[in-house]
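Readers should treat all values here as calculations from the given coordinates under stated rules, not as data from a laboratory. All values derive from a computational prediction rather than experimental measurement. In this analysis, Cβ positions are derived from the backbone assuming ideal geometry, glycine residues included, and neighbour counts consider all displayed protein chains.
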Amino acid sequence: MENLMDSLKERLKERGYKLTPQRRATLDIIMQTQGKHLNTEEIYDLVKEKCPEIGLATVYRTLQLLDDMNVISKLNLDDGCIRYELNTHEDDHQHHHLICQSCGTIIEVDIDLLDHLEAEIEKCYNFVIKDHKVKFFGICSKCD
Ligand SMILES: [Zn+2]
Ligand SMILES: [Zn+2]
Ligand SMILES: [Zn+2]
């Protein structure tokens with residue numbers, strides 16, 4: 001994961017930004033909590049443990065910046081908060097999510113059965129699909 005830090009440092013430099021301790025700490029937390037889909041406040045609480053002087057606005061701006069740079073991506077589960085997760089796929093295609101409507105558990109889906117659907121849509125609507133985001137809402141096995 002140190003490679004990610006190095007490449008981020010380079011990319012920030014190209015844009016005239018620096019990898020400040022606050023930015024590094026924010027990305028550290030996102031890497032350490034991969035798969036947890038934390039929201040801005042939860043990320044802030046964890047970053048604060050390492051950088052007590054950091055403000056919510058700084059964390060918020062850092063997340064925006066990392067999102068702009070495609071290092072992380074936003075996940076909106078329609079529950080009123082924005083969550084973030086690390087972009088682990090090199091081809092930019094994020095995995096899909098199963099969201100339990102009873103306990104709120106988020107399960108990541110690695111299989112992608114949508115290529116067939118994409119081909120169908122492209123044909124029917126004469127539309128070139130570049131990406132898709134899918135959320136499945138339902139009840140998990142623990143709540144069933
Ligand atoms: Zn559940
Ligand atoms: Zn995820
Ligand atoms: Zn997909």
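List of remarks:
- The listed peptides 45-55, 134-144, ordered by packing as a protection proxy, come out as 45-55, 134-144 (highest mean of other Cβ atoms within 10 Å first).
- Placing R0 at 30 angstrom, the Cβ-Cβ distance between TYR17 and LYS135 gives a FRET efficiency of 0.40 after rounding to 0.05.
- Proximity of backbone amide H atoms, modeled 1.01 Å from N, is registered between HIS96 and VAL109 at under 5 Å, excluding neighbours fewer than 5 places apart on the same chain.
- The stretch 103-109 - phi-based ³J(HN,Hα) in whole Hz, Karplus 6.51/-1.76/1.60, Gly and Pro as x: 10, x, 4, 10, 10, 8, 10
- Degrees separating the helix 115-125 axis from the principal Cα axis of the chain, which is the longest one: 70 degrees
- In the chain, a dipole from Cβ-located charges (positive for Lys and Arg, negative for Asp and Glu) runs towards its positive end, and of ILE106, LEU75, ASN126 it is LEU75 whose Cα lies farthest in that direction.
- Compactness index (Cα Rg / 2.2 N^0.38 Å), the stretch 24-121: 1.19
- Computed magnitude of the charge dipole of the chain (debye, nearest 20; Cβ of K, R +1, Cβ of D, E -1): 640 debye
- Share, in percent, of DSSP beta bridges within the stretch 96-138 that are antiparallel, nearest 5: 50 percent
- Isolated Cys in the chain, by beta carbon distance under 4.7 Å: CYS51, CYS81, CYS103, CYS124, CYS143
- Relative to the longest principal axis of the Cα atoms of the chain, the long axis of helix 56-68 makes an angle of roughly 50 degrees.
- Karplus-based coupling profile of the stretch 20-30, in residue order and whole Hz: 6, x, 5, 5, 4, 5, 5, 5, 3, 4, 5, with θ = phi - 60° in 6.51 cos²θ - 1.76 cosθ + 1.60 and x standing for Gly or Pro.
- Its Cα gyration tensor gives the stretch 95-144 an equivalent ellipsoid; the semi-axes, largest first and in whole Å, are 29, 10, 9.
- Pairs of lysine residues in the chain that meet both criteria, 8 or more places apart or on different chains and Cα atoms under 26 Å apart, total 25.
- Annotation: the residues ASP131, ASP110, sorted from fewest to most other C-beta atoms within 10 Å of their own C-beta, follow the order ASP110, ASP131.
- Mean residue ellipticity, 222 nm, helices only, the chain: the sum of -39500 (n - 2.57) across DSSP H runs of n ≥ 4, divided by residue count and rounded to 500, is -13000 deg cm²/dmol.
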